[in-house]
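For reference, the structure discussed in these notes is given below.
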Amino acid sequence: MSYAVKEAFLTLQGEGMQAGSRAVFLRFAGCNLWSGREQDRATAQCNFCDTDFVGTDGPGGGKFAGAGQLAAHVEGLWGDESDLRLAVITGGEPMLQLDKALIDALHDRGFRVAVESNGTIAAVPGIDWLCISPKAGTDVVQRSGNELKLVWPQAGIDPIDLEGWAFDHFLVQPMDCADVQASYVAATALAMERPKWRLTLQAHKVVGLR
Ligand code: SF4
């Protein structure tokens, strides 16, 4: 199988329970909830996206002919012989392209594989850390994993409805939008009112990383 990658780069994971960890981010091109074109945003199933996932023209992006080639690219971005290797597979929607062959190829190179998905496509087996971020109005089929990350506020989602899903951690993250202060207030209020939810912030933005 070939893979279309928007960009790939070494950074620190900024969100969730693994925030602060060095990681290679691998951003697949394409999403099943939005075309990525601004003219389609208003009618998209997901319309608050802050990510460019269109095409393969970003730093470290491109088309890769096979799992071994892409895993070697990720290893090259890690850049040294250190262990605790972490690859964060994101998008776009990574489940459109991620397969067992790539997970195996990354494991062979010593990487733990973390995935950030919208949950509308069932996760493939073998993922080491699965983060699901549900979007209002979509049919989330992947209701188990390591962390559920709710970008908040979102009209059309009741957090109480999600609390029975089978995740180890429930995280609320302020939506990065025009009124981010209102998002901070709403996310903080949820974490204060319902202790199952833990506030997570986008730490990479605070320190100036992508
Ligand atoms: S599901 Fe994720 S990648 Fe797709 S449009 Fe929404 S925020 Fe962006």
message = Being in contact (Cβ under 8 Å) with a residue 60 or more places away in the chain, out of contact with any His (no Cβ under 9 Å at 6 or more places or on another chain), β-branched (V, I, T) and within 20 Å of A136 (Cβ to Cβ) narrows it down to one residue among V151, V185, V172; which is it?
response = V151
request  = Give the residue, chosen from G55, G60, that is away from the ligand (no atom under 16 Å from the Cβ) and assigned to a loop (DSSP other than H, G, I, E, B).
outcome  = G60
key: Whichever residue in the range 3-35 is within 13 Å of the ligand (Cβ to nearest atom), assigned to a loop (DSSP other than H, G, I, E, B) and in contact (Cβ under 8 Å) with a residue 24 or more places away in the chain and, among such residues, is nearest to the chain's Cα centre (by Cα)   = E15
key: Complete set of residues in the range 115-130 that are assigned to a strand (DSSP E or B) and under 10 Å from P94 (Cβ atoms)   = V115, E116, S117
inquiry  = Quick check on the range 138-152. Is at least one of its residues within 16 Å of the ligand (Cβ to nearest atom), of a type in the set (F, W, Y), under 17 Å from the mean Cα position of the chain (by Cα) and within 20 Å of L199 (Cα to Cα)?
reply    = yes
message = Filter the range 77-114 down to the residues that are assigned to a loop (DSSP other than H, G, I, E, B) and closer than 30 Å to A155 by Cα and list them by number.
response = G91, G92, E93, Q97, L98
query = Only one residue in G208, G137, G156, G164 is closer than 22 Å to A8 by Cα, among the small types (G, A, S) and in a loop (DSSP other than H, G, I, E, B). Which one?
reply = G208
task = List every residue pair whose Cβ atoms sit under 6 Å apart, with the two residues 6 or more apart in sequence or on different chains, where the first one lies in the range 79-96 and is farther than 14 Å from L10 by Cβ and the second, anywhere, is among the small types (G, A, S) and assigned to a loop (DSSP other than H, G, I, E, B).
result = G92/A29; G92/G30; L96/G30
key: Verdict on D40 being exposed (fewer than 14 other Cβ atoms within 10 Å of the Cβ), at pLDDT below 95 and within 12 Å of the ligand (Cβ to nearest atom)   = no
Single residue of the range 167-205 satisfying the filter (part of a helix (DSSP H, G or I) and of a type in the set (V, I, T)) that is nearest to A19 (Cα to Cα) = T188
query = Does Q45 satisfy the condition of being under 15 Å from the mean Cα position of the chain (by Cα) and either near the ligand (Cβ under 9 Å from one of its atoms) or not aromatic (F, W, Y) (or both)?
reply = no
message = Exactly one condition in (1) under 15 Å from the mean Cα position of the chain (by Cα); (2) free of Cβ contacts under 8 Å to residues at least 12 places away in the same chain is false for I121; which is it?
response = (2)
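The values are calculated or read from the model by the stated rules, or taken from the named source; none is laboratory data. Since the model is a prediction, treat every value here as computed from it, not as a measurement. Here Cβ is always computed from backbone atoms with ideal geometry, including for glycine, and neighbour counts include all displayed protein chains.
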